[in-house]
Amino acid sequence: MQISVNGLTREVEAQTLALLIEELGYGTQTVATALNHEFVRSKDRSDTKLREGDAVEILTPRQGG
């Protein structure tokens with residue numbers, strides 16, 4: 001299915017947000033996620049279904065000064 005990930009259209013196989021994180025190679029990294037502009041808690045990602053045309057944001061923490 002086609003969805004938007006961080007503003008880029010992608011063709012993905014994942015059916016849930018948790019599977020998408022794995023598919024995109026984030027593995028066990030700490031990330032923040034949003035689906036269609038709504039924050040999704042890490043414990044809810046396995047139950048969060050993806051649909052054609054969804055917009056997903058995946059953010060990784062950064063350090064700096």
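The values are calculated or read from the model by the stated rules, or taken from the named source; none is laboratory data. Please read these numbers as outputs of a predicted model, since none were measured by experiment. Don't worry about glycine lacking a Cβ; one is built from the backbone with ideal geometry, like all the others, and counts go over all protein chains shown.
What about T60, is it without any contact (Cβ under 8 Å) to a residue 40 or more places away in the chain, hydroxyl-bearing (S, T, Y) and over 19 Å from G7 (Cα atoms)?
no
Could you give every pair whose Cβ atoms fall below 7 Å, whose first residue belongs to the stretch 10-30 and is without any contact (Cβ under 8 Å) to a residue 40 or more places away in the chain, and whose second residue is among the acidic types (D, E) and assigned to a helix (DSSP H, G or I), counting only separations of at least 6 or pairs across chains?
Partner pairs satisfying both residue conditions: V12/E23; E13/E23; A14/E23.
Six or more apart or on different chains, Cβ atoms under 7 Å: show the pairs whose first residue is in the stretch 37-52 and small (G, A, S) and whose second is at pLDDT 95 or above.
That search, which allows pairs on different chains as well, returns S46/T16; S46/A18.
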